[in-house]
Amino acid sequence: MSDSDTVTRLLDEISGGRREASDELLPVVYGELRRLAHARMARLKPNQTLQPTELVHEAYLRLVQGGDPGWDSRGHFFAAAAEAMRRIIVDRARRAASLKRGGDRVRITLSAVRGGVEPRPEELVAIDVALDRLQAQDPRMTEVVKLRFFAGLTQDETALAMGISRRTVNRLSMAARAWLTRELDQR
């Protein structure tokens, strides 16, 4: 049985209420979650206290706590993992911005995001707010941004996770970048 089949089976068992399946799932997905976290953390400033292992464990705990998560596929699980990682990073950025900056609003652009430079905490918060607005207008576009920017997936990996073509991922990425640039420039 392939890892993909094992993940799907374990997700079905978790949805069916078998709590032990979540303990069995972690070793199967740990390597991929760690790779996603490492890719994301590589873009953060070197003096960050959050480590990829901590990000993986915190995200995993958020994913498996509570009731039926309703995952219907491996791609859905990894999309949820990307969202959990995004929330953890943004929550930390909010705390840092409120402590260091007094919560002041700062005008930003996506130029910090382009070129692989990690945005400052207040920029991450602004991007998060803009993504919430984008979610209301275009959930698929938002999902592409989450998987590409926050989870660090490639276009091919994003296409596989979402069940869409690479060309569609590229189109949605370009549209999202334009939308976010416009939104952030209006701040």
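Derivation of every value follows stated rules applied to the coordinates shown; laboratory data play no part. These numbers were taken from a predicted model, which means no experiment stands behind them. Ideal geometry is used to build each Cβ from the backbone, glycine not excepted, and the neighbour counts take in all protein chains shown.
Once the Cβ-Cβ distance of M174 and L50 is raised to the sixth power relative to R0 = 35 Å, the FRET efficiency obtained is 0.70.
So how far apart, in nm, are the two label points at H38 and R94 if each is 7 Å from Cα heading toward Cβ? Taking the simple label geometry, H38 and R94 are separated by 3.0 nm. With the cut-off at under 17 Å, measuring from each backbone N in the range 1-42 to a point 7 Å along the Cα-to-Cβ line of S73 picks out 3-12. Computed from the C-beta positions of D132 and T181, the FRET efficiency with R₀ = 25 Å rounds to 0.90. Taking label positions 7 Å along the Cα-Cβ direction at both D156 and Q65, the computed distance is 3.6 nm, reported to one decimal.
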